[in-house]
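The block underneath contains the structure these notes are about, expressed in structure tokens.
The values are calculated or read from the model by the stated rules, or taken from the named source; none is laboratory data. Owing to the predicted nature of the structure, the values given are computational and were not obtained by experimental measurement. So basically every Cβ, Gly included, is an ideal-geometry build from the backbone, and we count neighbours across all protein chains shown.
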Amino acid sequence: MGYEKLADPLALGIFLLTLSLPILIGFLTLRRTRSQSDFLLGGRAMDKVVVALSAVSSGRSSWLVLGVSGMAWTMGTGAVWAVVGYILAELFQFIYIGRPLRRESEQFGSLTLLDWFETRFGDRRQVIRITGAVIIIVFMTAYVAAQFNAGAKALSIALDIHLLSALAIAGVLVLAYMVMGGYIAVAYNDVVRAVIMIVGLVVFPVVGLVKAGGVGVLLATLNRLNPAFIDPVSIGMGALIGFLGIGLGSPGQPHIVVRYMSVNDPDRLRAAAVIGTFWNVVLGWGAVFIGLLGRALVPLESGLPNADPEMIFLVLASDYFGPVLYGLMVGGIFAAILSTVDSQLLVVSSTFVRDLWEEVLHRDEEPEEALKLRLNRLVVVVAGLAALVVAYVAQDLVFWLVLFAWGGLGAAFGPAIIMTLYHQGTRRAGIVAGMVTGAVVTVLWRQFLKGPTGIYELVASFPAAVLAILVGSWWSRRRAGTG
Amino acid sequence: MLGAGFVLFVLPVLIVALSVVLFFTAREETE
């Protein structure tokens, strides 16, 4: 299945080291985590490099390493558009969303995105908070469970163990360092993983290109196999717009956006944008090159395990690398999966503890800092275990829900954040209407209209949410007699 | 072939260059 080489003790050792390193990092960050603000936001004292790499690697799951390389194998250079959209979106959001959000969230004392919305709109009835919490809990839990499931499936194949044992290992690995170091452990782990992913996605294509005889030979081989492979617009306008539309989801991912709120100085996000974009470009293009090289070296589907193009990364790693690099590369896949799952799990936990328990149920009290910290740690474990159980017992539901997760979160929160920051007439009613519209239109479009129209759900649900915000805000201003 | 060369080698450089341009032009105004 592509993992046979892990039988080599050296490869296995390197692989296990990349898996267990996070726990050491968790232990090292334990002493820095003394309050809820530390646990959820690193005390707003994180370095720009950490924020840049953490924001980038939290956003990239196994979809990048396995999915994009598989896409490039299947469709050729046209797969580039799948990475261009989100890289450009994230470049701008570091500066134009991250910076004002970081500044205002400190001013308001906001620890979560929903804290910020509530204070920004003076929402005493907490409609935004509760609506947003429901959307986050539904989509994020499915997201966490699906990532756990994907990681455990790969782990069970790699180590030849039962799925349940693999889930338990993945769970213990993630929860151990999260409980110790919270956000700080997660962010530093993201940095280590960004480096591991770079090894997989840069060293790999460079060595591969040399072995393939250089770029000219690679493109000529692809052209001989199918001229469409070297025509980046051969995928058609609809697919191209859909690929670029993936980027519309980036500004609304709470686990990415919260990273900007953690930087030690808002203006450092300009430098973070350069570092993050460079890393994003290297990872994205690395994945595309692996797929293209894969096509040239393994031209037929029958050369892939289960005839699955997403296995091309593993096949090439196994064929062309020694045990050390192979172990690192397989570790890179898990690095990608775990760097997403931990940041999402932290958002789920902050939604329960900060958004619902502290700000709704104990709104007029001042719970002790030590109690809040303990509760956050407890909820990380409980929510993590719940996601693991869901990942095992409700796989169909999880995979059905996760289809909508990127789009649903993106359309629910992206337009709401952008309109709050850049459209002065935005009101609370508009934000609530936009969140609900974004989430609902994503689900309905994907379910019923994506097939017949061929249009990617975010391309429809994002503007629908913007429209709902405009209409809801206009209605609210009119009722108040101010618009 | 030209299109492939552009998206594989020029486009990524342009995107990184854009981030550098934004670094210099998007300075925060003093409030």
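Data overview
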| quantity | calculated |
| --- | --- |
| Lone unmet requirement of (1) farther than 26 Å from A:I25 by Cα; (2) under 24 Å from the mean Cα position of the chain (by Cα); (3) of a type in the set (S, T, Y) for A:Y177 | (1) |
| Some residue of segment A:194-210 being modelled with pLDDT of 90 or more and in contact with a helix residue (DSSP H, G or I) (Cβ under 7 Å, 6 or more places away or on another chain) | no |
| Top-ranked residue in segment A:413-434 [being in a helix (DSSP H, G or I) and of a type in the set (S, T, Y); ranked as surrounded by the fewest Cβ atoms within 10 Å (Cβ to Cβ)] | A:Y422 |
| Residues of segment A:159-185 satisfying the condition of being in contact (Cβ under 8 Å) with a residue 24 or more places away in the chain, among the small types (G, A, S) and surrounded by fewer than 22 Cβ atoms within 10 Å (Cβ to Cβ) | A:A168, A:G171, A:A176 |
| Those residues of chain B which are outside any helix (DSSP H, G or I) and at the interface with chain A (Cβ under 7 Å from one of its Cβ atoms), in sequence order | B:M1, B:A26, B:E28 |
| Criterion: buried (at least 20 other Cβ atoms within 10 Å of the Cβ), in the same structural domain as A:F94 (by TED's automatic domain parsing), in contact (Cβ under 8 Å) with a residue 60 or more places away in the chain and in contact with a Gly (Cβ under 6 Å, 6 or more places away or on another chain) - qualifying residue of A:L388, A:L409, A:L373 | A:L388 |
| Tally of residues being in a helix (DSSP H, G or I) and in contact with a Phe, Trp or Tyr (Cβ under 8 Å, 6 or more places away or on another chain) across segment A:435-457 | 8 |
| Candidates A:L66, A:L40, A:L113, A:L101 - the one that is under 23 Å from B:L22 (Cβ atoms) and of a type outside the set (G, A, S) | A:L101 |
| Residue list for segment A:434-462, restricted to those being free of Cβ contacts under 8 Å to residues at least 12 places away in the same chain and either over 19 Å from A:L401 (Cβ atoms) or assigned by TED's automatic domain parsing to the domain that holds A:M237 (or both) | A:P452, A:T453 |
| The listed residue being at negative phi and either surrounded by fewer than 21 Cβ atoms within 10 Å (Cβ to Cβ) or free of Cβ contacts under 8 Å to residues at least 60 places away in the same chain (or both), out of A:D308, A:D355 | A:D308 |
| Extreme residue, surrounded by the fewest Cβ atoms within 10 Å (Cβ to Cβ), among residues of segment A:261-277 that are facing chain B (nearest Cβ under 7 Å) and touching a Ser or Thr at 6+ places or on another chain (Cβ under 7 Å) | A:V274 |
| A:S302 vs. criteria more than 30 Å from B:E28 (Cα to Cα), surrounded by fewer than 24 Cβ atoms within 10 Å (Cβ to Cβ) and hydroxyl-bearing (S, T, Y) | yes |
| Among the candidates A:V443, A:V390, A:V402, A:V432, residue that is farther than 30 Å from A:G171 by Cβ and β-branched (V, I, T) | A:V432 |
| Flag for A:T277 being within 16 Å of B:P12 (Cβ to Cβ) and not aliphatic (A, V, I, L, M) | yes |
| Residues of segment A:235-257 satisfying the condition of being in a loop (DSSP other than H, G, I, E, B) and either assigned by TED's automatic domain parsing to the domain that holds A:G408 or among the β-branched types (V, I, T) (or both) | A:I235 |
| In segment A:187-241, the residues that are of a type in the set (D, E, K, R), away from chain B (no Cβ under 14 Å) and surrounded by fewer than 18 Cβ atoms within 10 Å (Cβ to Cβ) | A:K211 |
| 3 or more residues within 14 Å of chain B (Cβ to nearest Cβ): qualifying helices (runs of 4 or more DSSP H) within segment A:31-121 | A:48-59, A:69-75, A:80-93, A:99-108 |
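The rows are residues; the columns are (1) among the acidic types (D, E); (2) at pLDDT 95 or above; (3) under 17 Å from the mean Cα position of the chain (by Cα).
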| position | (1), (2), (3) |
| --- | --- |
| A:R259 | no, yes, yes |
| A:N264 | no, yes, no |
| A:L269 | no, yes, no |
| A:V274 | no, yes, no |
| A:T277 | no, yes, yes |
| A:V281 | no, yes, yes |
| A:A287 | no, no, yes |
| A:I290 | no, no, no |
